[in-house]
Amino acid sequence: MLSATVPNCMEFADWVGRIKNRKINVVSTLKRPVPLEHYLYTGQDGKTKKDMFKIVDMNGTWLDDGYRKATEAKANKRDGIGSQVKGIDGNDMVVVVVVEDEISTTTGFTGKPVGKNDKNVYISLIDFLRTSEQLPMVVFVFSRKRCDENAQSLSSMDLTNAEVEKFHIKTFFSQCTSRLKGSDKELPQVHLVKDLCLRGFAVHHSGILPILKEVVELLFQKGYVKV
């Protein structure tokens, strides 16, 4: 099985065939088991948290109307006018792009990451996805530092229900980290990741200890880590 992003599958199959001295058949498909859709999220607070507009449908078709409505919604917020409300259709896998306040005069949206309003935007988006039963979600941040800062800024949010999930998370985390030796168990990073996981959050990047990345992956797979 190869990733859909591998560009040279034929070359790879030929290499495997030569070293194994066997004929290798490559079977590929363009059909996604789970349809993928793209949305632009323009919400910033409780009043606009549902402002999400579909711009690419499951067939990969660009939707001008959705992009136009998203642009209008951002312009309305800038002028202090209420915006339109759109939600996510069905249970498809979605890519959500969060856009900042400033609108480019040439391309509509600047494409830059949100700035000082990061916290409010994330809280608004997460709350909307939670009430829409669209969690878990994965947030891509192009900086390890920003990744950690964003996660810690959401300390007011708790996505795990009651004490049941917290008990399972705490027990699983303790079992996994018991392999750490001595003072390694008391590293600030260990406590940080544990605290995040207990609230349904986690970070996953090259600066995290391998064992902690594995814990995060498994907890995400089990549905305990939501963001």
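Residue 121 meets each of the listed conditions (1) of a type in the set (A, V, I, L, M); (2) at pLDDT 85 or above; (3) crowded, with 16+ Cβ neighbours inside 10 Å; (4) within 30 Å of residue 73 (Cβ to Cβ) apart from (2).
Just one of (1) buried (at least 19 other Cβ atoms within 10 Å of the Cβ); (2) touching a Phe, Trp or Tyr at 6+ places or on another chain (Cβ under 9 Å); (3) modelled with pLDDT under 85; (4) more than 25 Å from residue 5 (Cβ to Cβ) fails for residue 44. It is (2).
So that you can scan it fast, the table gives a plain yes or no per residue for (1) under 15 Å from the mean Cα position of the chain (by Cα); (2) part of a helix (DSSP H, G or I); (3) β-branched (Val, Ile, Thr):
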{"site": "170", "(1), (2), (3)": "no, yes, no"}
{"site": "196", "(1), (2), (3)": "no, yes, no"}
{"site": "200", "(1), (2), (3)": "yes, no, no"}
{"site": "204", "(1), (2), (3)": "yes, no, no"}
{"site": "211", "(1), (2), (3)": "no, yes, yes"}
{"site": "218", "(1), (2), (3)": "no, yes, no"}
{"site": "221", "(1), (2), (3)": "yes, yes, no"}
{"site": "224", "(1), (2), (3)": "yes, no, no"}
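Of the listed requirements (1) assigned to a loop (DSSP other than H, G, I, E, B); (2) crowded, with 17+ Cβ neighbours inside 10 Å; (3) at pLDDT 55 or above, residue 83 misses just one: (3).
Among the residues of the range 52-66, the ones that are among the aromatic types (Phe, Trp, Tyr) and at pLDDT below 90 come to 1 in all. When residues in the range 129-164 are screened for being within 17 Å of residue 225 (Cα to Cα), of a type outside the set (Gly, Ala, Ser) and not in a loop (DSSP other than H, G, I, E, B), 8 of them pass. Looking across the range 172-194, just one residue is surrounded by 13 or more Cβ atoms within 10 Å (Cβ to Cβ), in contact (Cβ under 8 Å) with a residue 24 or more places away in the chain and part of a loop (DSSP other than H, G, I, E, B), and that is 180.
Residues in the range 138-168 that are under 14 Å from the mean Cα position of the chain (by Cα) and loosely packed, with under 12 Cβ neighbours inside 10 Å: 138, 140, 142.
The values are calculated or read from the model by the stated rules, or taken from the named source; none is laboratory data. All values derive from a computational prediction rather than experimental measurement. So basically every Cβ, Gly included, is an ideal-geometry build from the backbone, and we count neighbours across all protein chains shown.
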